[in-house]
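Input: a single structure, listed below in structure tokens.
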Ligand code: SF4
Ligand code: SF4
């Protein structure tokens with residue numbers, strides 16, 4: 001097992017979406033009964049994992065089986081939505097060769113890909129408040145992360161990323177690109193924007209990060225680039241200042257509890273009631289003696305509460321702000337209850353993705369096919385951020401003028417520090433190194 005963890009660490013593998021948690025730390029964190037592969041891809045418009053699963057089903061299952069054996073797990077579960085037909089068929093055909101593996105399917109709802117939701121959907125266990133899947137014997141890894149682990153086991157470091165380019169572009173597509181390439185190059189490769197003054201979202205429309213400039217580099221966690229017009233409702237929602245939202249909440253929140261009714265963490269039995277936090281913040285008092293600002297720590301920031309709210313308020317934004325303030329004040333999460341059962345109505349309150357897409361104003365893009373195609377551009381410059389993972393930045397090992405080959409380690413983590421090594425993604429010459437990034441130019 002230590003050899004496996006060492007290879008994954010050496011290759012710089014991190015979760016291929018979300019916060020970019022180092023895979024070696026997650027897999028080396030302790031004994032797990034179940035290894036669950038997260039193929040939910042629940043953010044609308046992203047089409048990476050479902051295509052990887054369809055094309056590389058055998059390779060992925062072989063790697064999962066290897067992990068199950070090496071980590072001494074009881075079972076490996078590949079979790080995927082029912083509607084990803086091609087991936088499902090390929091996986092169900094290939095899985096018969098692996099007695100310790102199974103395929104688990106579920107309907108299309110949001111946020112099915114939340115780790116804690118996925119753990120309940122697949123093995124019926126509830127992760128405790130403020131906990132991680134390992135607390136209930138599970139480790140969850142993303143499909144693309146598993147794909148990268150396959151290559152790490154063969155000694156190939158992480159230098160490439162699969163990215164869906166979707167939304168207001170002429171030819172939506174999914175590309176394999178070198179890490180560090182400018183997002184502008186991907187948008188051009190997808191035929192360019194079809195709207196004036198476009199903006200982009202790095203990730204999905206719900207949890208992705210809004211970027212006004214297309215010149216940022218692709219990182220290990222860039223799963224999608226969504227192009228939208230600058231005044232699209234998704235953009236307006238993400239940009240609305242917190243104080244304006246709270247002013248609206250004071251006059252508009254009718255305490256209907258719709259936000260709490262759909263909250264995925266509340267539905268798992270966690271003591272998170274966004275309506276109560278909104279009341280607490282609006283009036284600096286609450287009728288509920290057990291509502292505390294620290295409950296914000298239980299929020300996964302999926303933003304679903306905003307789309308359940310008939311007044312279009314944003315409890316998630318309040319929770320985000322509360323977490324920042326609590327951390328600044330040195331107040332840690334005090335909530336660690338382990339619910340024994342989920343909300344009795346959970347099965348009926350899973351939020352359908354189709355409905356969410358309509359509310360997001362993304363219907364015109366939802367049925368776009370973004371096929372996995374060859375990237376048509378020879379990339380000449382890459383900017384490798386030193387922090388493209390959870391934890392501390394990596395430390396540069398190169399200086400301007402050095403020649404590097406694709407796969408060479410160019411930045412490393414100090415011993416014991418949380419993070420991941422970074423490798424050159426093209427052959428070339430180092431053109432610049434600073435505290436933020438390393439620039440390589442082909443030549
Ligand atoms: S759904 Fe909206 S209006 Fe209803 S309690 Fe929640 S924040 Fe208030
Ligand atoms: S963002 Fe809203 S719906 Fe999602 S976990 Fe937080 S409070 Fe619940």
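The tail of the calculated P(r) for region 278-382, taken as Cα-Cα distances beyond 19 Å, holds 66 percent of the pairs. Size of region 310-443: Rg and Dmax of its alpha carbons, in Å, are 22.8, 63.
At q = 0.17, 0.20 Å⁻¹, what log₁₀ I(q)/I(0) does a Debye calculation on the Cα points of region 1-75 give, no solvent, two decimals? With no solvent term, the Cα-only Debye profile gives -0.75, -1.03.
In the frame of its principal axes, region 151-241 has Cα extents of 46, 29, 18 Å, reported largest first. Each principal axis of the Cα atoms in region 76-225 has its own extent, and those three values, largest first, are 49, 37, 28 angstrom. Of 242, 278, the sequence from fewest to most neighbouring Cβ atoms within 10 angstrom is 242, 278. Max-minus-min Cα coordinates of region 197-242 on each principal axis give 28, 21, 15 Å, with the largest extent listed first. Ranked by the mean number of other Cβ atoms within 10 Å per residue, highest first, peptides 392-403, 108-119 order as 108-119, 392-403. Mind giving me the nanometre distance, one decimal, between the label points for residue 374 and residue 59, set 7 Å out from Cα along Cα→Cβ? For the pair residue 374/residue 59, the computed spacing is 1.7 nm. Computed from the C-alpha gyration tensor, the three semi-axes of the ellipsoid equivalent to region 362-434 are 30, 19, 10 Å, from longest to shortest.
Direction-averaged projected area, Cα convex hull, region 44-136: 6.3 nm², rounded to one decimal. Modelled spin-label separation between residue 342 and residue 399, with each label point placed 7 Å from Cα along the Cα-to-Cβ direction: 5.7 nm.
A compact globular protein would have a Cα radius of gyration near 2.2 N^0.38 Å; the ratio found for region 94-174 is 1.40. What value does region 164-317 have for Rg/Rh, both radii from Cα atoms and Rh as Kirkwood defines it? Radius of gyration relative to Kirkwood radius: 1.07.
Going from the residue with the fewest nearby Cβ atoms within 10 Å to the one with the most, 42, 256 rank 256, 42.
Multiply the residue separation of residue 96 and residue 236 by 0.36 nm, subtract the distance between their alpha-carbon atoms, and state the gained length in nm to one decimal. Kindly include the intermediate steps, with their values, before the conclusion.
Values: separation 140, 0.36 × 140 = 50.40 nm, distance 4.77 nm.
Full extension of this stretch gives 45.6 nm more.
Scattering from the C-alpha atoms of the chain alone, worked out with Debye: what is log10 I(q)/I(0) at q = 0.09, 0.10, 0.11 1/Å? After summing over all Cα pairs, the log10 values are -0.59, -0.73, -0.90.
Where a number appears in this text, it was derived from the coordinates with a stated rule and is not lab data. Note that the coordinates shown come from a computational prediction; the quantities given were computed from them, not determined experimentally. Cβ: placed from backbone, ideal geometry, glycine included. Neighbour counts: every protein chain shown.
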